[in-house]
Amino acid sequence: MVLLRFSPVYSQIDNELSKKFSVKVQVVSRETHQPIKDAKVEVNGLTYRFSEITGSYTVKATAGSLLEVSHPNFNRVFYTIKDDEDIKVEVEGFTPKRKSKLSSYSTRKQTGLYSQYLDSVKFYKKKDIDKSLSFVEKTLLTNPDKNQRANVFKELAEVYFYWKQYDLAVENYQISLQEINSPRVRLQLAKAAFLSKNYNDSEQNYLQSLQSGVLNNYLRLTAYQGLGDVYLAQKNYNQARVNYKKALEIAKKNLITPKITDLNSKLAEVFAAQGNIQKADGYYKNSLKLASEENKKRSLKEQQKVADFYNKSQRYDKEIQLRKESLKETDGVIEPENNETLVDSITSQKINYKIGNAYIQKSEYEEAIPYLKKSIEDADKNKDLIIGKDATRRLSEAYERVGNYIEALEAYQSYVKLVDTLYSRKEQEIQQIKRFRKRILDNQNRIVSLEKDKKLADSKINLAYKDQQLVQESNKRQKWIIYSLIGGFLLMVLLLYFMFRTNKQQKLANNLLALKSMRSQMNPHFIFNALNSVNSFIAVNDERSANRYLSEFSVLMRSVLENSDEDFIPLTKEIELLELYVKLEHNRFKDKFDYAIHIDESIPLEQYSIPPMLLQPYIENAIWHGLRYKKEKGKLQISMLSKNKDAITIMVEDDGIGREKSIEMKTKNQLKQKSKGMSTIKNRIAILNDMYQDKVSVMVSNTFVDGGGTRVELTLKKDKN
């Protein structure tokens, strides 16, 4: 838990509270679990929209920010955000508004246009007031309902508010309130009235908003702060202080850090106006510290405000020190915010001018000159005639005070030229403002006239709806025919799919049965050949060799039986079986052949699997039908090499007599008996490749050109994940 302690002089705020983070807010129906896309999601007065990509509202917040979720179809929900953990709001019994069939098409069409036009109003609000107002006209032509009309006029008022046409903003906020009495809109009306210097109306609207009893903590804070501003402007300092403190209490309780900064600054301003310098110092010290924890621009603005306070209280050394610190942070011109002008923005020319001015007020004219020169230079660069004019006048005064009359005269002449230029420019600006004012008044008059034409627009929409209703009736039969054809086609596709799946399952079952049968054939075949080997030891009375052979053979048979029900086993296990099998055969035919097994170390063996006992028949053939009949000692070579990144090559090579001579040397009785092992292996490979997409391929060829020796080249593909 984070605790916030505050006193009139010092405020201890955890830096973590001021850090902004993103939070995903899901608003869903508890019954259907479907997202509610048109809810109003607000955090500290800012509204966020639904994202189709994330299926949620992504909001920016700090620890302690107040989340508010509202919708015409459910009760308002409040939640205090503590960290960046996602938030899910489940709404019970939510039912979206349903339109009658009679008006569904017309309503959908108009609602779509209404949303598009209103989005355009918001999009152009800060870019092009003429386009924004033109879309307001189009929005009103879509025949909006009462709630929508209230929203349109609220947005129109906000357009005027942004362009500082506060009287027009007041007018349209009032129209919005006539449609729907919203305490939030009343708060905005109060602020617009304050900025148009209509303090009585502003005060009444702030009080009325508070009396409604439906404001959340953030909006109550805003109302109390607004009342404080009204009373401060009217020099009613006691009431200003009371309302600022009420707002500060809410901000502290709900950890609304930016407002804590603003309200410290406001209270300092009240105490300064009352001449209570000590208390003003304490609150300004708090506001400076808090502003430095927010962001650079907020910190700079607060520094300038405090520096102005030091200037008024004739503490020029503190003013100069604070402005010099600000100058280091500006790095040139700070870009104006939103619709902020050069007059209101923080610039290096303004800070340099005020430092120079403070030195002059201290009668330190030599120290003032460099800052005034720098101010003039930056003002010229940034086309800031007002600061350039004031700085030039002050520079002339400084030169005169130090006895440099020539420079003083030149500076004064420059000042006169700047005054003339500024006067001409002001005249132009006045004319531009008049033209701008006339243009937007014309737009406002057109918007008002649209209200008179509303009935005519309604009749046109109804006529269009009736025409569309006739079209719908005529198309209804055609739709049923099309739906019937589509339904029949889908049924046919579904039937074909089930037939295909049944055939595929039957084929798979047949293949599995065939593989099981072949494995059952392989095992007796292997056992029979192995027992022949034992018999040969017994025949020559080599009891020790027979016992050792039987012991090793039993180990081999146990592994073979364990794998007899598997379609594939790990390649590493197959290698172990081959090594044991070749060792057994070599013990019997030591005088007939030597063998070598080579495995490429770069092969990831664990990524490959192989049908069990697949390689054994090929090795058996090499020994029994190739190397055994060779007069001199032969060689058996088993190699595993990498073919590409997805396959390896397994080679079984011998330098025996070859396949053709082996057939010639067989007896007539042996020729009559077909090799069951090799034919079974071929059938196994064919079935497995059909089931596993050509995982294994085998190619048998002669090792030498003269037909001697045999090479079996088996390609094995990597297992698919």
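The values are calculated or read from the model by the stated rules, or taken from the named source; none is laboratory data. All figures in this text were calculated on a predicted structure; none of them were measured in a lab. Note that we place each Cβ from the backbone using ideal geometry, even for glycine, and neighbour counts take in every protein chain shown.
Out of all the residues in the stretch 474-484, is one or more of a type in the set (G, A, S), at pLDDT 75 or above and out of contact with any helix residue (DSSP H, G or I) (no Cβ under 6 Å at 6 or more places or on another chain)?
Yes, the conditions are met somewhere in the stretch 474-484.
Do you know which residues across the stretch 441-473 are under 43 Å from the mean Cα position of the chain (by Cα), charged (D, E, K, R) and at pLDDT 75 or above?
R446
Test G64 against the stated conditions and say whether it is at positive phi and surrounded by 14 or more Cβ atoms within 10 Å (Cβ to Cβ).
The answer is yes for G64.
Mind telling me which of the residues L66, L118 ends up being of a type outside the set (K, R) and modelled with pLDDT of 85 or more?
L118
What number of residues within the stretch 192-221 satisfy the criterion of being part of a helix (DSSP H, G or I) and surrounded by fewer than 24 Cβ atoms within 10 Å (Cβ to Cβ)?
Count: 15.
Can you find even one residue in the stretch 292-309 that is modelled with pLDDT of 90 or more, basic (K, R) and in a helix (DSSP H, G or I)?
no
Take the stretch 397-416 and flag every residue that is among the hydroxyl-bearing types (S, T, Y) and within 11 Å of Y365 (Cβ to Cβ).
Y399
From the list E325, E319, which one is touching a helix residue (DSSP H, G or I) at 6+ places or on another chain (Cβ under 9 Å), under 14 Å from A358 (Cβ atoms) and without any contact (Cβ under 8 Å) to a residue 24 or more places away in the chain?
E325
Listed here are the residues, each with its yes/no results for (1) part of a loop (DSSP other than H, G, I, E, B); (2) closer than 15 Å to V712 by Cβ; (3) of a type in the set (D, E, K, R).
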residue	(1), (2), (3)
G626	no, yes, no
E632	yes, no, yes
Q637	no, yes, no
L641	no, yes, no
I648	no, yes, no
E653	no, yes, yes
I657	yes, no, no
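So which residues in the stretch 139-170 are assigned to a helix (DSSP H, G or I), crowded, with 18+ Cβ neighbours inside 10 Å and touching a residue at least 40 places away in the same chain (Cβ under 8 Å)?
Those that are assigned to a helix (DSSP H, G or I), crowded, with 18+ Cβ neighbours inside 10 Å and touching a residue at least 40 places away in the same chain (Cβ under 8 Å): L140, L156, Y160, L168.
Looking at K426, is it part of a helix (DSSP H, G or I), within 54 Å of the chain's Cα centre (by Cα) and at pLDDT 90 or above?
no
Residue under question is E552, and the condition is that it be in contact (Cβ under 8 Å) with a residue 24 or more places away in the chain, of a type in the set (D, E, K, R) and in the same structural domain as V696 (by TED's automatic domain parsing); does it hold?
So E552 fits the description; yes.
Would you check which residues across the stretch 265-300 are under 25 Å from T347 (Cβ atoms) and polar (S, T, N, Q) and list them?
The answer is S265, S287, S292, N295, S299.
Filter the stretch 361-380 down to residues that are among the polar types (S, T, N, Q) and within 15 Å of S396 (Cβ to Cβ), then give me how many there are.
The qualifying residues number 1.
Can you tell me how many residues in the stretch 117-138 are among the small types (G, A, S) and either farther than 17 Å from Y160 by Cα or crowded, with 19+ Cβ neighbours inside 10 Å (or both)?
Residues in the stretch 117-138 being among the small types (G, A, S) and either farther than 17 Å from Y160 by Cα or crowded, with 19+ Cβ neighbours inside 10 Å (or both): 1 in total.
Considering only the stretch 346-390, state which residues are under 20 Å from K301 (Cβ atoms), of a type in the set (V, I, T) and part of a helix (DSSP H, G or I).
Across the stretch 346-390, the qualifying residues are I351, I355, I386, I387.
Output the residues belonging to the stretch 46-68 that are in a strand (DSSP E or B), of a type outside the set (F, W, Y) and closer than 18 Å to Q34 by Cβ.
Result: S51, S56.
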